[in-house]
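The values are calculated or read from the model by the stated rules, or taken from the named source; none is laboratory data. It should be emphasised that the depicted structure is a prediction, and the values quoted were computed from it without experimental measurement. Neighbour counts run over all protein chains shown; Cβ positions are idealised from the backbone, glycine included.
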Amino acid sequence: MQPTHSSRRILLPVRMWFVYTTLGLALFLNYVPTGHLPGVPDVVALVLAFWCVREPVKIGIGAGFLFGLLTDIGVGAALGQHALAYVLLAYAANELSRRVLWFTPVEQALHVLPLLFMSQVVMVVVRLLAGAEFPGWWMFFGSFVGALLWIPLHYVLLLPQYQPVERDENRPI
Amino acid sequence: MAGHSPPPFFKRGPAPLAKLVFFVTVSLAMLVSDLNMRYLDGFRQGLSVLAYPLQMAAASPADFVRNASDYFASLVRLQIENKDLKARQLKGAERLLRLDQLEQENRHLRALLEAREKQSVKSVVAEIMYTAKDPFSRKVILDKGAQAGIEAGQAVVDDIGVIGQITRVFPMQSELTLLTDKDQAIPVMIVRSGMRAVLFGSGNGLMELRYLAANADVQAGDRVVTSGLDGVFLAGLPVATVARVERDQAQAFARIPCLPAAGVERFSHVLVLGHQETLMSRPVEPEPVAGKPAKGRKARAAKE
C-alpha cells in the first residue's frame, strides 16, 4: 500500500463557508471575557493554524491578518499585535503543511505547539518593546493547552468532510 | 506560443514570502501608529462596530454567571451588607446635612473673592462588566459609553478613592485604564507635607512616586491625594498610601512604592466624574525689561 496522509480516508473537498464559520466561532470564543485567567488557549490561532495546515492553497496570510485585527479590537490589545502574530503563524503553518499532514494527530500537535508558542512570543516581544509590563510566565501555558486541543479539533473540524465508508463486496480491487 | 500560462490549479496569487513581507510591514506600521501616535482610533471605532455584536454575545455568559451568583447570594451576606450600608448612611447623613450649609457658605465666600464658581460636576454611575483580556495592560470595560455622555479622559472613582481614567469610549461601553497600569500617571499631593509629585503605575498592582529627591519628606503610611493640577482629576481625592520608602544613597531619587487606596482591582460599581471646570489660561509672559538686550526669537517676535 502506498503511503498516504495518515487519516487513511478519502475526504470530501472542504467548503469555504465552513472554514470561515469555524474561524468566526473561534473569534467568538476569544471574545469571551476570561480576564487574566492563565492557560486560556488562543482559539483563533489554533483554528487558523489548522486550516492553514489543511488547506494551504485556500487559507493563508490574508485570513490571518483579518482575524488578527478583529481579535485585537475585541480583546482591547494594541492594533496589529495579533495581526502580526497570526500572519507569521499562517505563513509558518502553510510552509509546514506538506510535512505535518503525514503525521498522526498527536504528532501533529507536537508540530503545532512551537507555532502557537512562537506567535505568543512575537506578541510579548512587540508589547515589551512598546513598554508594557511582562504578564508573567503563566501566559505561555495557553499554547500548551492549545496544542492539546489540536487532537479533538482535528476530528471535529474534519467531520463535514468525512464520507460514509462504502463497502462493496463485489468491487474488483 | 504566446499566453502560455500555468494551469489554474497552480495559481496562488503573489508569492507567499512577498505576501508575508507585505502583511508584516502593514501590521508593524499599525502597531507603531497605534501605540505611539494614536492615529488609528477612528479605524478602531469603525471595526469595533463590526465586532460589537459578537463581543456582546460573548460577554453574555459572563453576565449570566455574575447574575446567577448574585441570585444565589446568601441571605446572611445580604443582611450583613444591609446593616453595613445603613450604618454608613447614618454616618454620611450628618455630613450630608452639613454639606448643604457648607456649599452655601462656600458660594458666598467665592462670590466675595470674585472667584469663578466651581461648576457642579456631572457624573455617571457605571458598572464594571469585565476585565479586558489583554494580559499586557490593566484595563476594565464599563457598561456605559458615549450614549451616557462619557468622554475619553474622564476620571473614575469608587467609594474610597480614584481607580483610573477612561481611555477609549465606544457607543455602549467604555474602557477604563486602572491606575496600576504600567506608566499610567496621575498628579498627586502628599497630605502630611503638602508636597506635590507624580504617581505612576508600576505594573505589579502597585504604584510608585517617582522623581522625588532622596531626602524628600515622605514617610511610610503617608496618604496621597490628587492635586488637581492636571484639570482632569478633582483635587483632594484619595489615591494611595505610601507603603515604604527606600532611600539609596547611590541614586538621586528615592524609590517609593504605594498601595492603591481604592479597590482598584476589584469588581464593583464606579462613578465616572465629569470634567472639572476648564483651567485658567496661562498668564501672559511679562514684557522684556527695557534696557536689557533682548535675545532669541521670542524677544524678536515681541518687538515686531
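In the stretch B:202-222, is there at least one residue being out of contact with any Asp or Glu (no Cβ under 9 Å at 6 or more places or on another chain) and among the hydroxyl-bearing types (Ser, Thr, Tyr)?
Scanning the stretch B:202-222 turns up at least one residue that is out of contact with any Asp or Glu (no Cβ under 9 Å at 6 or more places or on another chain) and among the hydroxyl-bearing types (Ser, Thr, Tyr).
Can you work out which of the residues in the stretch A:74-83 that are under 15 Å from B:Leu35 (Cβ atoms) and in a helix (DSSP H, G or I) is farthest from the other protein chains (Cβ to nearest Cβ)?
By that ranking, first place goes to A:His82.
Here is a check on your reading of the model: is B:Pro260 at pLDDT below 75 and either in contact with a strand residue (DSSP E or B) (Cβ under 6 Å, 6 or more places away or on another chain) or not assigned by TED's automatic domain parsing to the domain that holds B:Glu151 (or both)?
Taking the combined requirement at face value, the residue does not satisfy it.
Which one of these is without any contact (Cβ under 8 Å) to a residue 24 or more places away in the chain, more than 20 Å from A:Leu25 (Cβ to Cβ) and within 14 Å of chain A (Cβ to nearest Cβ): B:Val76, B:Val65?
Answer to the selection: B:Val65.
With the structure loaded, tell me whether A:Val87 is over 21 Å from B:Arg138 (Cβ atoms), at pLDDT 90 or above and more than 8 Å from chain B (Cβ to nearest Cβ) or whether it fails that test.
So A:Val87 fails the test.
Taking B:Asp84, is it loosely packed, with under 13 Cβ neighbours inside 10 Å and within 30 Å of the chain's Cα centre (by Cα)?
When the stated conditions are applied, B:Asp84 passes them.
Of the residues B:Pro171, B:Pro187, B:Pro135, only one is free of Cβ contacts under 8 Å to residues at least 12 places away in the same chain and either within 18 Å of A:Gly131 (Cα to Cα) or more than 12 Å from chain A (Cβ to nearest Cβ) (or both); which?
On inspection, the qualifying residue turns out to be B:Pro135.
Test each condition in (1) more than 30 Å from A:Gly80 (Cβ to Cβ); (2) modelled with pLDDT of 80 or more; (3) touching a Leu at 6+ places or on another chain (Cβ under 7 Å); (4) not aromatic (Phe, Trp, Tyr) for B:Gln104 and report the one that comes out false.
(3)
Checking A:Thr34 against (1) without any contact (Cβ under 8 Å) to a residue 12 or more places away in the chain; (2) in a helix (DSSP H, G or I); (3) within 20 Å of B:Gln55 (Cβ to Cβ): exactly one of these is not met. Which one?
A:Thr34 satisfies every listed condition except (2).
Within the stretch B:142-155, does at least one residue satisfy the condition of being at positive phi and within 28 Å of the chain's Cα centre (by Cα)?
Yes, some residue in the stretch B:142-155 is at positive phi and within 28 Å of the chain's Cα centre (by Cα).
Among the residues of the stretch A:99-131, count how many are within 14 Å of chain B (Cβ to nearest Cβ) and touching a Gly at 6+ places or on another chain (Cβ under 8 Å).
1
So that you can scan it fast, the table gives a plain yes or no per residue for (1) more than 22 Å from A:Leu23 (Cα to Cα); (2) of a type in the set (Gly, Ala, Ser); (3) in the same structural domain as B:Tyr130 (by TED's automatic domain parsing):
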site	(1), (2), (3)
B:Ser33	yes, yes, no
B:Arg38	yes, no, no
B:Asp41	yes, no, no
B:Leu54	no, no, no
B:Leu85	yes, no, no
B:Lys91	yes, no, no
B:Leu99	yes, no, no
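When the stretch B:31-52 is examined, which residues are found to be facing another protein chain (nearest Cβ under 7 Å) and more than 16 Å from A:Phe65 (Cβ to Cβ)?
B:Leu35, B:Ser48
Looking at (1) surrounded by 18 or more Cβ atoms within 10 Å (Cβ to Cβ); (2) closer than 16 Å to B:Val224 by Cβ, find the lone condition where B:Gln154 falls short.
(2)
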